[in-house]
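The values are calculated or read from the model by the stated rules, or taken from the named source; none is laboratory data. Keep in mind that what you see is a predicted model, and the values were worked out from it rather than measured. We place every Cβ from the backbone using ideal geometry, glycine too, and count neighbours over all the protein chains shown. Surface areas here come from the heavy atoms of the whole protein model, side chains and all, with no ligands, DNA or RNA. Shrake-Rupley method; radii C 1.70, N 1.55, O 1.52, S 1.80 Å.
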Amino acid sequence: AASGEGKDARLETISRSIREIPNWPKEGILFQDITTTLLDPVAFGHCVDILYERYRDKGVTVVAGFEARGLIFGAPLALRLKCAFVPLRKPKKLPGETIGEEYSLEYGTDRIEMHVGHVKASDKVLLVDDLIATGGTMVAGVKLMQKVGAQVVEAACILELPLLKGKDKLGPYNVPLYTMVHKDVL
C-alpha cells in the first residue's frame with residue numbers, strides 16, 4: 001500500500017509499479033522487485049520528484065546511494081538537488097583508497113565502502129536506497145557517515161517492509177526514515 005505523508009496520488013502509481021515475485025530468493029518470500037518501477041518512466045520520475053520535493057530545502061550537500069538500486073535513485077536526485085553524489089559500494093568495487101563499515105547478514109557479514117575524502121565532516125548527507133527491510137545496510141551507512149563526522153539528515157527509501165523492523169534499527173542513531181510505499185510482506 002502507498003504511504004508517506006498526505007494522500008499523494010503519485011504514491012499509488014509507484015506502489016503499483018513494484019512487481020511481486022513469490023518464493024524468491026527462497027520459499028516463503030514474496031520478493032518486491034523494484035526494477036519494474038524503472039521500466040515505467042512515470043513511476044520512476046515520481047520517485048525522484050517526491051524525493052526532490054522533500055529534500056530541496058534541507059541543505060543536503062551529499063546524496064549517498066547504496067549499491068545497487070540506491071545508486072539508480074540517488075544519482076538523479078543529487079543532480080536535481082545540485083549536490084554531490086557518493087556511491088556506497090560493495091568491497092573492492094572502488095579504485096581508490098576506501099573507508100568502510102561491516103554489517104551483519106542472516107549468515108555472515110558484508111561491507112559497504114566509499115572513497116576516502118568524498119564525504120567530509122561539514123557535509124549534510126542524505127542516504128538513499130530502494131528499500132529497507134531488516135535495516136542492516138542502512139545502519140552501516142549511518143555508521144560510515146559518523147566515522148567521517150558528517151551529519152545524516154535522513155535515510156530515504158522507495159519501499160519499506162515494516163514487518164522486518166528495519167526502521168527500529170535507526171532509532172538509536174537518531175536518523176529519521178522516509179519511505180514512500182509500505183508493504184506488509186516477508
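Annotations for the structure displayed:
- Elements of type helices (runs of 4 or more DSSP H) contained in region 1-98, each with 2 or more residues being hydroxyl-bearing (Ser, Thr, Tyr): 9-17, 35-39, 41-55
- Complete set of residues in region 102-146 that are more than 17 Å from LEU170 (Cα to Cα), in a loop (DSSP other than H, G, I, E, B), open to solvent by 10 Å² or more (accessible area, probe 1.4 Å) and touching a helix residue (DSSP H, G or I) at 6+ places or on another chain (Cβ under 9 Å): ASP123
- Residues in region 89-135 that are at pLDDT below 95 and among the polar types (S, T, N, Q): SER104, THR109, THR134.
- Any hit, region 155-174, residues being assigned to a loop (DSSP other than H, G, I, E, B), without any contact (Cβ under 8 Å) to a residue 60 or more places away in the chain and open to solvent by less than 70 Å² (accessible area, probe 1.4 Å): no
- The listed residue being acidic (Asp, Glu), farther than 25 Å from THR37 by Cα and in contact with an Asp or Glu (Cβ under 8 Å, 6 or more places away or on another chain), out of ASP110, ASP123: ASP110
- Counted residues, region 41-65 - those being under 15 Å from PRO76 (Cβ atoms), of a type outside the set (Val, Ile, Thr) and without any contact (Cβ under 8 Å) to a residue 40 or more places away in the chain: 9
- Matching entry among VAL60, VAL42 (being open to solvent by less than 50 Å² (accessible area, probe 1.4 Å) and aliphatic (A, V, I, L, M)): VAL60
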